[in-house]
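Every number in this text was worked out from the coordinates using simple rules, so none of it is lab data. On a predicted model such as this, the values are computed, not experimentally measured, just so you know. Quick reminder, even Gly has a Cβ in these numbers, built from the backbone with ideal geometry, and neighbours come from all protein chains shown.
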Amino acid sequence: MAQLDVKNLSISFEGLTAVNNLTFSVEPESIIGLIGPNGAGKTTVLNCITRFYEPDQGEIEFANVNVLALRTNQIIGLGIARTFQNMELFSGLNAIDNILVGKHMFLKAGFFGSALKFSGASKAEEESKKEAYEMMAFLGIAQWAHHNVGDLPFGIRKMIEIARALISKPKLLLLDEPTAGMMPHEKAVLHEQIKRLRGEMGFSILLIEHDISFVTKMCQQVLVMNFGEEIALGPPHEIVNHPEVISAYIGEE
Amino acid sequence: MKETLLQKTLEKKSSSLIWALFFAFFIVLPNVVSDFWTYALCLAGIYSIGTLGLNILTGYTGQVSLGHASFVGIGAYTTAILSHKFGFSFWLTMPSAILVTSLVGFMLGLPCLRLKGLYLAVATLAFAWAIPEIILKWSSLTGGYSGISIEALRILGIPLESHIWFYYITLFILCLVIWATYNIVNSKFGRAFIALRDSEEGAKAMGINLSIYKTLAFVLSSAFAGIAGNLYAYLVGTVTPYDFGFWFSIYFLVAIIIGGMGSIPGSILGGAFITFLPLLSSALRNLPNIIYGAMLILVVLLLPGGLMSFVKLMIRKFPATKAGS
């Protein structure tokens, strides 16, 4: 039984089909890549899983729970955390508070307890803060904890967004173009960090990525999409030589 | 290493010294100024509480409200009616005012959930116009045009005759409200407010229920307005429908912009600003509103973070005062 099961997923926007009858699954602790040219519908798939979009057809199940019956803000409680293509960080918060927002659902503190600083709420807050620090230290970005995220370098912000998703201890991490805009050495660091984090926490990853070498290094399976449909599925070394994939990327000869 | 430790203790000591002086200043202040200025200081404290409430809703949570004064009005009328008609004491009128304004805030917050930006502003504007009209027309309860008079605040049965005691009570309640706001802002609730202001998508993905937190911000801001309204009724002694008109709501908005959006000390500066500037500019008879307008334009142009950004700049420029930051 797979961890995430997507069956016959279809969605269109004003008649334009974004995803058409897509079926795939993610096994526990695996890394599956989702690639394809711009506009292939990759992010749309992520937005269906995280309930930002309502699919026209299809089923999405995660650990035997019907994902489509839930609302966007309930998805993280299920064990699915995500990052965004455009990094949806909170510019008014510093780095550690950004990460702490990822802990929101799991931080047991009541409103009056927080407002009047009852010991239970303060303790829960302190423990979460410590956890966020440890996460930052693990990623080697602890020195930025109290900087405003807007002032930080791009690569650090990307790491903060991943940390914000991971502090919820997800079973499945959805990454939307994590290396976009990164320098080669930053990509290498990111690859290393994700490997270490997975070793520690053991989550699966659904990775949308344009950097093919990053995908081949990271993923066991790659799903290639074009015009909302699957055109190939298999291990990375097979995918890169697949004729349909090549034509989708560089066009028909 | 030793030196830095010494420096730290010194810094800590001078920091608590600065705080002690700061408090001493506000304790002594009403004893050295005239009764009129003590009254104005009370008003500034009350407006600061109201401004803090609006700052939670608009500054921290990003929901524009043009009807904040209406909530202050509802708090003031609840207080006046309960005190005048039912003889309730301060200990009962204060929680009642908070309860009533919170409920109205909740009821206004719900339909406003689907509205954003200018649309939300227009919906709250309708509220700002409606409330004074309702107060005016519902004369059997509110006294209509002439309003309601309210007896002086009594603590332990003794009426407070001088404004100095009223000042201390206002100062105490203001400190409580500041403390609670600080705690809320630095908890998961405050982070949720800021998160949904900065990125609704990011906030939703992190498990924040936008409806609950937007409604909570509405309720909180109304509750603070209720506290302000309660104190206002006792301080001024009468409430009339014209006290809580649309312009008063605009002043609260001016207060958070001038003081600093999403800033607690900024809210206090803003509350003081909308209290004292009209007083000062009317003292200089020939230039009343021109000064007010000019100040507004200058602050908005030169200090986009409000007066609070100026204070922060000064602290950074003169490191001697840094310990107080």
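Of note:
- Modelled spin labels at A:E14 and A:K123, positioned 7 Å past Cα toward Cβ, are 5.5 nm from each other.
- From its DSSP helices (H runs of at least four residues, each -39,500 (n - 2.57)), chain B gives a residue-normalised ellipticity at 222 nm of -25500 deg cm²/dmol.
- Normalised by residue number, the volume inside the convex hull of the Cα atoms of the protein assembly as shown is 203 Å³ per residue.
- Our coupling estimate for segment A:185-197, obtained by passing each phi through the Karplus curve with A = 6.51, B = -1.76, C = 1.60 and θ = phi - 60°, is 5, 5, 4, 4, 5, 4, 4, 4, 5, 5, 4, 5, 4 Hz, Gly and Pro reported as x.
- Low-density loop positions, chymotrypsin sites (Phe, Trp or Tyr not before Pro), segment A:1-93 - DSSP coil, at most 11 other Cβ in 10 Å: none
- Kyte-Doolittle at least 0.0, axis length at least 24 Å by Cα - qualifying DSSP helices, chain B: B:2-32, B:35-54, B:68-86, B:90-112, B:117-137, B:163-185, B:210-236, B:264-283
- Chain B - charge dipole about Cα centre, Lys and Arg +1 at Cβ, Asp and Glu -1, debye rounded to 20: 860 debye
- Listing A:T17, B:T9, B:T101 from fewest to most neighbouring C-beta atoms within 10 Å gives B:T9, A:T17, B:T101.
- Efficiency of FRET from Cβ geometry, A:L68 and A:F112, R₀ 51 Å, rounded to 0.05: 0.90
- Placing unit charges on each Cβ (+1 for Lys and Arg, -1 for Asp and Glu) gives the protein assembly as shown a dipole about its Cα centre, and among A:S204, B:G53, B:I27 the Cα reaching farthest toward its positive end belongs to B:I27.
- Which listed pairs, of A:K103/A:K158; B:K188/B:K312; A:K123/B:K312; A:K42/A:K217; B:K116/B:K204, have C-alpha distances above 22 Å, in listed order: B:K188/B:K312; A:K123/B:K312
- Under 19 Å from the B:L176 label point (7 Å along Cα→beta-carbon), backbone N, segment B:10-33: B:27
- Spacing of the two label points (7 Å from each Cα toward its C-beta) at A:K169 and B:I155, in nm: 4.9 nm
- Exposed-site-free run, longest, chain B (rule: GluC sites (Glu not before Pro); DSSP loop; at most 15 other C-beta within 10 Å): B:162-325
- Seen against the Cα atoms of chain A and their longest principal axis, helix A:154-166 is set at about 80 degrees.
- Rounded to 0.05, the FRET efficiency of the B:W91 and A:N241 pair, given R0 = 56 Å and the Cβ-Cβ distance, is 0.10.
- Extension gain from B:S140 to B:L118, taking 0.36 nm per residue of separation minus the Cα-Cα distance: 4.4 nm
- With a simple spin-label model that places each label point 7 Å from the Cα along the Cα-to-Cβ direction, the separation between B:W37 and A:F154 comes to 5.6 nm.
- Sum of side-chain charges, A:V245 neighbourhood, beta-carbon under 12 Å (Lys, Arg +1; Asp, Glu -1): -3
- Cross-link partners of B:K317 among lysines (Cα-Cα below 17 Å; sequence separation of 8 or more within a chain): none
- Given +1 at the Cβ of Lys and Arg, -1 at the Cβ of Asp and Glu and no other charges, the dipole of the protein assembly as shown around its Cα centre is 2200 debye to the nearest 20.
- A Förster radius of 30 Å, combined with the Cβ-Cβ distance separating A:E134 from A:H185, puts the computed FRET efficiency at roughly 0.75.
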